[in-house]
Amino acid sequence: MGSYSPKANKSSFCLPNHMFFLFIFLLLSTNLLTFFLSTTYNSCSFPQENMVSRTEANPSLNEPEADLPPEFVAFAYGQKLPFGYNRRFDSDTMYSPVGRACSFYKDDIRKYMNYNVNGSCPDDESLTQKLLVKGCEPLPRRRCRPAAATVYDEPVPFPACQWTTPPDSSVVWTAHTCKNYTCLVNRRFAKGSDDCKDCFDLQGRELVRWLPRERKSELEFTIEEVLAMKKPGTIRIGLDIGGGAGTFAVRMMGKNVTIVTTSMNFNAPFNNFIASRGVIPLFITISQRLPFFENTLDIVHSMHVISNWIPTTSLEFLLYDIYRVLRPGGIFWLDHFFCRLDQWQDVYKPLIQSIGFIPLKWIEGRKLDKPEHIEIYLSAVLEKPLTNSW
């Protein structure tokens, strides 16, 4: 039996002299480097020259303009971060975003921000929409509770809700000429130029829109033929710009495609109606930067909304924004764009073609509903290139 002897095993733990001195040198060097770095940088911050707050660098950022309401100033102007400088913000101050134009319309902003904190918000949907279309977008948040029906009925269950007129109690009707859905359904017979006059009649034209039996001309594409242009299952999520009553989103849901629908409430509760059908409304104007990350959506659709009423430069920004949010290989379904014939060749056709899309289908045709004007329609399916899209 052997026994443990420290003396007998000592040689196995010893280093040669030259290795011993090298080890000591490396240890001292590492400690000195650590000491140097710790005195130069803080592990939770950037170098001191980058830690100057934006309000110190530009004091005017946090100086409210005269006559702005206190609640607007409380929301929109800088608030110091509780833990100081934050490298993700690159600042020690948080600024809440509001539209640049909000401060241009001080009387309207004073009305909008005039409420009791922790109380009820004013019933001011008309004012809200007026500010948005003037460019006060996004609007400032408010510390109050929005107007709602005194008694709110539960929504119609899914999937029946998709083709059922919702309860009147789901809407605050103050801002609208019609005061119930029956009135909205019947306004398809009324004279006037209200947006989407027949959209609320779910047993009328909406019931067959984008289906093969609805097709009356080459300009009217069906959902089936557009989806067939791409590999099955690759169109999954998307956006409908100015989607009226949300029927496009409902149809696409039946194809296992999730669509977010942007809409305003021009003399009708479009956003409430869209939501009542079990699809997602987004209350933003055509001018707002699309709230999606680059290269993420499979499809963007817009019918009638994108046309020559939009200033040309604004339209160009919008088309590039659509290109931005579409993934490579994603498609932009431009459904019934229209303009005057004399504008088409010189302005709009070159503009649309310049963005970088590949046309999968491109149909031009005359717009015949106003014979006194010579106008043209374009319906097109445009693909963002799958390769070299940047």
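Scan the stretch 135-159 and report the pairs whose first residue is without any contact (Cβ under 8 Å) to a residue 40 or more places away in the chain and whose second residue is of a type in the set (A, V, I, L, M), with Cβ atoms within less than 8 Å and a gap of 6+ or a chain change.
Cys136/Val98; Cys136/Ala101; Cys136/Ile109; Cys144/Val117; Ala147/Val172; Ala148/Val172; Ala149/Val171; Ala149/Val172
Looking only at the stretch 89-113, which residues are among the hydroxyl-bearing types (Ser, Thr, Tyr) and open to solvent by 10 Å² or more (accessible area, probe 1.4 Å)?
Tyr95, Ser96, Ser103, Tyr105, Tyr112
Which condition from (1) in a loop (DSSP other than H, G, I, E, B); (2) free of Cβ contacts under 8 Å to residues at least 40 places away in the same chain; (3) within 29 Å of Ala249 (Cα to Cα) is the one that Ser169 breaks?
(1)
Go through the stretch 228-256 and count every residue that is in contact with a helix residue (DSSP H, G or I) (Cβ under 8 Å, 6 or more places away or on another chain), assigned to a loop (DSSP other than H, G, I, E, B) and farther than 18 Å from Val208 by Cα.
Here the count works out to 1.
List the strands (runs of 3 or more DSSP E) that sit entirely inside the stretch 305-390 and contain at least 1 residues that are among the hydrophobic types (A, V, I, L, M, F, W, C), open to solvent by 20 Å² or more (accessible area, probe 1.4 Å) and in contact with a His (Cβ under 8 Å, 6 or more places away or on another chain).
It comes to 326-340.
Out of all the residues in the stretch 221-252, which are in contact with a strand residue (DSSP E or B) (Cβ under 7 Å, 6 or more places away or on another chain) and open to solvent by 30 Å² or more (accessible area, probe 1.4 Å)?
Passing the criteria: Met229, Lys230, Thr234, Arg236, Ile237.
So Glu218 clears everything in (1) free of Cβ contacts under 8 Å to residues at least 24 places away in the same chain; (2) loosely packed, with under 14 Cβ neighbours inside 10 Å except one condition, right? Which one?
For Glu218, the exception is condition (1).
Among the residues of the stretch 328-347, which ones are within 26 Å of Leu227 (Cα to Cα) and not acidic (Asp, Glu)?
Pro328, Gly329, Gly330, Ile331, Phe332, Trp333, Leu334, His336, Phe337, Phe338, listed by residue number.
Taking interchain pairs and intrachain pairs at least six residues apart, which have beta carbon atoms under 7 angstrom, with the first residue in the stretch 260-273 and closer than 14 Å to Met303 by Cα and the second surrounded by fewer than 20 Cβ atoms within 10 Å (Cβ to Cβ) and aliphatic (A, V, I, L, M)?
Thr261/Ile280; Thr261/Leu282; Thr262/Leu282; Thr262/Ile284
Yes or no, residue by residue, for (1) modelled with pLDDT of 95 or more; (2) polar (S, T, N, Q); (3) not in a helix (DSSP H, G or I):
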{"residue": "Ser96", "(1), (2), (3)": "no, yes, yes"}
{"residue": "Ser103", "(1), (2), (3)": "no, yes, no"}
{"residue": "Asp108", "(1), (2), (3)": "yes, no, no"}
{"residue": "Lys111", "(1), (2), (3)": "yes, no, no"}
{"residue": "Asn114", "(1), (2), (3)": "yes, yes, yes"}
{"residue": "Val117", "(1), (2), (3)": "yes, no, yes"}
{"residue": "Pro122", "(1), (2), (3)": "yes, no, yes"}
{"residue": "Leu127", "(1), (2), (3)": "yes, no, no"}
{"residue": "Lys130", "(1), (2), (3)": "yes, no, no"}
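May I ask you to list pairs of residues, at least six apart or on different chains, whose Cβ atoms are under 6 Å apart, with the first in the stretch 356-378 being farther than 30 Å from Pro328 by Cβ and at pLDDT below 95 and the second being of a type outside the set (Lys, Arg) and exposed (fewer than 12 other Cβ atoms within 10 Å of the Cβ)?
Short answer, once both residue conditions are applied: none.
Given the options Pro82, Pro140, name the one that is part of a loop (DSSP other than H, G, I, E, B) and either within 30 Å of Ser314 (Cβ to Cβ) or at pLDDT 95 or above (or both).
Numbers: Pro82 fails: either within 30 Å of Ser314 (Cβ to Cβ) or at pLDDT 95 or above (or both).
That would be Pro140, the only listed residue that is part of a loop (DSSP other than H, G, I, E, B) and either within 30 Å of Ser314 (Cβ to Cβ) or at pLDDT 95 or above (or both).
Going through Phe266, Phe293 one at a time, which residue ends up being out of contact with any His (no Cβ under 7 Å at 6 or more places or on another chain), at pLDDT below 95 and part of a loop (DSSP other than H, G, I, E, B)?
Working: Phe293 fails: at pLDDT below 95.
None of the others qualify; the one that does is Phe266.
Just name the residue that is farthest from Gln129 (Cα to Cα) out of those in the stretch 278-302 that are surrounded by 20 or more Cβ atoms within 10 Å (Cβ to Cβ) and in contact with a Phe, Trp or Tyr (Cβ under 8 Å, 6 or more places away or on another chain).
Within the stretch 278-302, the match that is farthest from Gln129 (Cα to Cα) is Ile299.
Just to check your reading of the model, which residue among Thr164, Thr128 is surrounded by fewer than 16 Cβ atoms within 10 Å (Cβ to Cβ) and either touching a residue at least 12 places away in the same chain (Cβ under 8 Å) or closer than 30 Å to Gly78 by Cβ (or both)?
Numbers: Thr128 fails: surrounded by fewer than 16 Cβ atoms within 10 Å (Cβ to Cβ).
Exactly one of Thr164, Thr128 is surrounded by fewer than 16 Cβ atoms within 10 Å (Cβ to Cβ) and either touching a residue at least 12 places away in the same chain (Cβ under 8 Å) or closer than 30 Å to Gly78 by Cβ (or both), namely Thr164.
Kindly evaluate Asn265 against the criterion of being more than 11 Å from the chain's Cα centre (by Cα) and either of a type in the set (Val, Ile, Thr) or open to solvent by 20 Å² or more (accessible area, probe 1.4 Å) (or both). Give the steps one after another, and end with the answer.
Details: more than 11 Å from the chain's Cα centre (by Cα): yes; either of a type in the set (Val, Ile, Thr) or open to solvent by 20 Å² or more (accessible area, probe 1.4 Å) (or both): no.
When the stated conditions are applied, Asn265 does not pass them.
Tell me which residues, restricted to the stretch 171-195, are surrounded by 18 or more Cβ atoms within 10 Å (Cβ to Cβ) and either touching a Phe, Trp or Tyr at 6+ places or on another chain (Cβ under 7 Å) or under 15 Å from Gly244 (Cβ atoms) (or both).
Those that are surrounded by 18 or more Cβ atoms within 10 Å (Cβ to Cβ) and either touching a Phe, Trp or Tyr at 6+ places or on another chain (Cβ under 7 Å) or under 15 Å from Gly244 (Cβ atoms) (or both): Tyr181, Leu184, Val185, Arg187.
The values are calculated or read from the model by the stated rules, or taken from the named source; none is laboratory data. Just so you know, these numbers come straight off a predicted model, no measurement behind them. Virtual Cβ from ideal backbone geometry, glycine too; neighbours counted across all protein chains shown. For the accessible areas, the whole protein counts, side chains as well, though only heavy atoms, and no ligand, DNA or RNA atoms are used. Shrake-Rupley method; radii C 1.70, N 1.55, O 1.52, S 1.80 Å.
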